[in-house]
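A.B. asks: Can you keep this structure in mind? I'll have questions shortly.
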Amino acid sequence: MFQSPKVVIEEANKTFDVHVSSPYNLTANEIYEQSKIDHQNDLDNYDDVVKQSETDYQDVLKNFAEEEKRAKEKFKTEDEAFNKMSLLERLTLIDQGKKPKLVLPTKPMYYKPNAPVYREPNLNNYIIIDNNVLASQINIPQFKKGNGNGYVNINLSVSQVNFQDNAGQTYAKQPTRLQIKENGAVKIDETFFNEFKFIASSPTNSINAVQEEKRHLESVVKFINTYLSERYSNQEQVRTIKLTTIKNNKNKYDDIEKGHIYITTNLKKLSTDEKRNAEAFKGIENGVELWTKALQKIDFKNSKADYNAKVAKNLYMNFIRLYLALDNKIEAEKYLNNLQEHLVEIDLSSNEQRELSGLEKSVYKTN
């Protein structure tokens, strides 16, 4: 089964072009090139780094000498005061672990900085994409690229992701303007993702901003593709249709059985391919014609007639089910009205009454 698009474009005009503007313009080659430049700069600056580390070490040594001097002076003062105490006072301090001790700072060691070693950059730490790549990800199913002269022209303007903290959680927005022209005329000009939405249950300084921005950008592309697909393309839909049959004893109901075969066989052929669908609908119409003619034979007042109220019930219910599945509520309502007019003659089981109630709701439901 399929659902028709919101806007039907003639087959000959099913072409489109995409232009994207965004702050994203980074490629993997650029990352590798910059990484090599940064590494060469590190090599060029290595001697200066070593010299600076030696100078810094000498400063640390000076600080160490001063701290060592202060420690010795402190001990000398405390030791002299200790020795002037009485024996009892000294023993008391010794028992309390308060006898003066010389505590010297640890002499710092010099560690020469390691020579720079080149490492490949981790591409996961970057958003590697540009406008051309983004444009290539935008697609309309069943359409072809127009090479600059597409009937549908798509202009997409994507902003940088804006993260925001709120009560310890992260929210984000990425205003994205979509403008669509059909044969040169502007049909759509809307901005999406303009409101902050929940991203993570932790603050912005705790999230992997690059990965979150990647995911958000992917969701933008997915949304735009879905929007375009629903507007211009046939949509695959999985639906289950229960079409009941009548026991064809002595071939009395060959016409109804043939109609059932026509309809069920061709329902399975429906897809997003319009040519295939055209053939399938012809087959369905053949089945509908056979069922319609069978309805004309119904004798509601004669329960023993071959084409009696029980046969009519089967056909009416099948017609309603069929047209609801095909999103044709006008035809579904027509057969529902016909069935309701003959409910005096038609007996419905409790299950059939429940089903009919559900079918009525579907027919009268407004989208």
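Here, each number is a calculation from the coordinates, and none is a lab measurement. These numbers were taken from a predicted model, which means no experiment stands behind them. Every residue, glycine as well, gets a Cβ built from its backbone with ideal geometry; the counts of neighbours run over all protein chains shown.
A.B. asks: Within the set of other residues whose C-beta is less than 11 Å from the C-beta of Lys107, count the net charge using Lys and Arg as +1 and Asp and Glu as -1.
C.D. replies: It works out to a net charge of -2.
A.B. asks: Which pairs in the list Lys145/Lys222; Lys258/Lys293; Lys293/Lys334; Lys6/Lys145; Lys181/Lys268 are over 24 Å apart, alpha-carbon to alpha-carbon?
C.D. replies: Check vs 24 Å cut-off fails for Lys181/Lys268.
A.B. asks: Counting only DSSP beta bridges with both residues in the chain, tell me the antiparallel percent, nearest 5.
C.D. replies: Once the DSSP bridges in the chain are tallied, antiparallel ones form about 75 percent.
A.B. asks: If each residue's Cβ is checked for other Cβ atoms within 10 Å, how do Thr264, Thr55, Thr170 rank with the fewest at the top?
C.D. replies: Ordered by Cβ neighbours within 10 Å, fewest first: Thr55, Thr264, Thr170.
A.B. asks: Here's a follow-up. If Lys and Arg each add +1 and Asp and Glu each add -1, what is the summed charge of the other residues whose beta carbon sits under 12 Å from the beta carbon of Glu355?
C.D. replies: Surrounding charge for Glu355 is +3.
A.B. asks: I'd like to verify something in the chain: which complete DSSP H helices, judged by Cα projection on the helix axis, reach 20 Å or more and average at least -1.0 on the Kyte-Doolittle scale?
C.D. replies: 209-232, 274-295, 309-325
A.B. asks: Still on this structure, I have one more. To the nearest 20 debye, what is the magnitude of the charge dipole of the stretch 29-124 about its Cα centre, counting +1 on the Cβ of each Lys and Arg and -1 on the Cβ of each Asp and Glu?
C.D. replies: 1000
A.B. asks: Continuing with the same structure: Quick check: residue separation of Asn13 and Lys76 times 0.36 nm, minus the Cα distance between them. What number comes out in nm?
C.D. replies: 12.8 nm
A.B. asks: If you take the beta carbon distance between Phe198 and Lys252 as r and set R0 to 51 Å, what does 1/(1 + (r/R0)^6) give as a FRET efficiency, to the nearest 0.05?
C.D. replies: Calculated value: 0.20.
A.B. asks: Roughly how big is the chain's charge dipole about its Cα centre, with Cβ charges of +1 (Lys, Arg) and -1 (Asp, Glu), in debye to the nearest 20?
C.D. replies: In debye, rounded to 20, the chain gives about 1440.
A.B. asks: Roughly speaking, what is the centre-to-centre gap between the stretch 299-316 and the stretch 129-165 when only Cα atoms are used, to the nearest Å?
C.D. replies: Here the two parts' Cα centres lie 58 Å apart.
A.B. asks: Below 17 Å, Cα to Cα, which lysines can Lys84 reach? Residues fewer than 8 away in the same chain don't count.
C.D. replies: Lys74, Lys76, Lys98, Lys99, Lys101
A.B. asks: Taking only Cα atoms and a 10 Å spring cutoff, compute GNM fluctuations for the chain and point out the largest among Val117, Val103, Val311.
C.D. replies: Val103
A.B. asks: For semi-axes √(5λ) of the Cα gyration tensor in Å, the listed values are (i) 42, 20, 17; (ii) 84, 32, 17; (iii) 46, 25, 21; which was obtained by calculation from the structure presented?
C.D. replies: Looking at semi-axes √(5λ) of the Cα gyration tensor in Å for this model, the match is (ii).
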